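Every number in this text was worked out from the coordinates using simple rules, so none of it is lab data. For clarity, every value in this text was computed on a predicted model and none was experimentally measured. Cβ placement follows ideal geometry from the backbone for every residue including glycine, while neighbour counts extend to all protein chains displayed.
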Amino acid sequence: MTVDVQPVSELPDPADFGFTVVERDALPTELLALVDQVRTLADTVAHTGADAAELAAASRVVADLSERLDVRRRPLGTMFSQVAPDGRIDYGTVANVVNGPLNPIAPPLELRPDGEGLSGEVTLVGLYEGPPGLVHGGWIAAMLDQALGEVAATAGGASLTANLDVNYRKPTPLNAPLTVTSRVTGVERRKVLVSGEIRHNGEITAEGTAVMVKIALPGS
Ligand SMILES: CCCCCCCCCC(=O)SCCNC(=O)CCNC(=O)[C@H](O)C(C)(C)COP(=O)(O)OP(=O)(O)OC[C@H]1O[C@@H](n2cnc3c(N)ncnc32)[C@H](O)[C@@H]1OP(=O)(O)O
C-alpha cells in the first residue's frame with residue numbers, strides 16, 4: 001500500500017472551479033445567530049407540549065418568517081474558506097447537513113487536526129433520535145461519512161465516498177458528548193482509504209472505514 005499524502009497547503013481553491021466561496025469569518029453574525037435559534041426551534045418543536053392555539057399562532061409566525069427570509073438565496077454548493085490554526089486554508093460547504101455553518105439541521109460538529117487526522121466533539125439533541133433515547137444509525141453513518149470525507153480531502157483534494165462500511169458497536173446516546181475521529185490509512189492511485197470512530201466516555205460506539213475516490217473538478 002502506498003501512502004502518498006499531498007500537503008494540504010496545496011489544496012486547490014474551489015473558486016478556481018466555478019464554486020462560490022465566502023470567507024467563514026465574513027458570514028454575518030446575525031445569520032449565525034439565526035441558525036442557532038432555528039436549530040433550537042426545531043428541537044423545541046419536536047418535543048413541545050404547547051396547546052393548539054399556541055401551536056397555530058407559532059405556525060403563522062414561522063410561515064411569515066420563512067416568507068420574509070426567502071430572498072436572494074445563495075447558490076447550492078456555496079462553499080466557505082477558513083484559516084485553520086496551523087495556517088492552512090480549509091474549505092467546506094455552508095449548507096452541509098452534518099456540519100455546514102449555515103445549516104440549522106447540522107449538529108455543530110467541528111473537526112480539527114489532532115496530529116493523526118481529524119477529531120471533533122458533538123452532542124446530539126433529540127432531533128437526531130432513532131431508537132428511543134438513542135442516536136439514529138443513519139446520522140451515525142452521516143457523521144462518520146463527513147469525518148472520513150474531510151480527512152480524505154487532506155490527502156489530495158476533492159473525493160467522493162465510493163464505499164462506506166459502518167459497524168455499530170454500542171448504542172450511541174443522545175444529549176451526551178461524543179468524540180468523532182478520522183484518519184487516512186492509505187492512498188492507492190485515486191483511492192483514499194480512511195477510517196474513523198465515534199466514542200462516548202472513551203468507548204467506541206461506532207466505527208467506519210471508507211473508500212474515497214478522488215474526482216476531477218470541472219475544468220481541471
Ligand atoms: C473539502 C470538503 C470536504 C467535504 C467532505 C464531505 C463528506 C461527504 C462525503 C459524501 O457524502 S460524498 C456523496 C456520496 N457519494 C457519491 O455520491 C459518489 C457516487 N459515486 C460516484 O460518483 C462514482 O462511483 C465514483 C466517483 C465514486 C467512482 O467512479 P469512477 O468512475 O470515477 O471510478 P472508477 O470506476 O474509475 O474507479 C476508480 C477506483 O476506485 C475504485 N472504486 C470505485 N468504486 C468503488 C467502490 N464502490 N468500492 C470500492 N472501490 C471502488 C475502483 O476499483 C478503482 O480502483 P483502482 O484504482 O484500484 O482500480
Of the convex hull drawn through the C-alpha atoms of the chain, the volume per residue in Å³ is 137
Two pseudo-spin positions, 7 Å from Cα along C-beta at T48 and at A141, lie apart in nanometres by 3.2
Protection proxy (average C-beta count within 10 Å per residue), highest first, orders 172-181, 69-78, 54-63 as 172-181, 54-63, 69-78
Simple SL model, points at 7 angstrom along Cα→Cβ for D114 and I204; separation in nm is 1.3
Proxy exposure order for Y91, Y128, Y168 (fewest C-beta within 10 Å first) is Y168, Y91, Y128
Yeah, the range 56-124 with a ≥ b ≥ c from its alpha-carbon gyration tensor (a/c under 1.5 is rounded, else prolate when a/b outruns b/c, oblate otherwise) is oblate
If each part is reduced to its alpha-carbon centroid, the range 76-119 and the range 143-172 end up apart, in Å, by 14
Nearest-0.05 FRET efficiency for A58 and V83 at R0 = 35 Å, using Cβ-Cβ distance, is 0.30
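Can you give the FRET efficiency for D165 and F17, using 1/(1 + (r/R0)^6), R0 = 25 Å, r = Cβ-Cβ distance, to the nearest 0.05?
About 0.25, to the nearest 0.05.
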Per GNM of the chain with C-alpha springs under 10 angstrom, the most fluctuating residue out of L124, L65, L164 is L65
Using the Kirkwood formula on alpha carbons, the hydrodynamic radius of the range 99-220 in angstrom works out to 14.7
With Cα springs under 10 Å, the Gaussian network model of the chain assigns the largest mean-square fluctuation among L34, L144, L118 to L34
Bridge orientation stat for the chain from DSSP, antiparallel percent rounded to 5, came to 95
Rounded to the nearest 500, the 222 nm mean residue ellipticity computed for the chain from DSSP H runs (n ≥ 4, each -39500 (n - 2.57)) alone is -8500 deg cm²/dmol
Computed about the Cα centre, the charge dipole of the range 45-88 from +1 Lys/Arg and -1 Asp/Glu charges at the Cβ has a magnitude in debye, to the nearest 20, of 360
The helix 29-47 Cα axis meets the longest alpha-carbon principal axis of the chain at an angle in degrees, between 0 and 90 and rounded to 10, of 70
Residues other than A210 with Cβ under 9 Å of its Cβ, Lys/Arg counted +1 and Asp/Glu -1, net out at -2
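Under the definition of Cα pairs under 8 Å and six or more residues apart, what whole-number percent is the relative contact order of the range 87-220?
Across the range 87-220, relative contact order equals 23 percent.
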Once phi for every residue in the range 201-208 is put through the Karplus expression 6.51 cos²θ - 1.76 cosθ + 1.60 (θ = phi - 60°), the whole-Hz ³J(HN,Hα) values, with Gly and Pro written as x, are 6, x, 9, 6, 9, 8, 9, x
To the nearest 10 degrees, the tilt of helix 52-69 (Cα long axis) against the first principal axis of the alpha carbons of the chain is 50
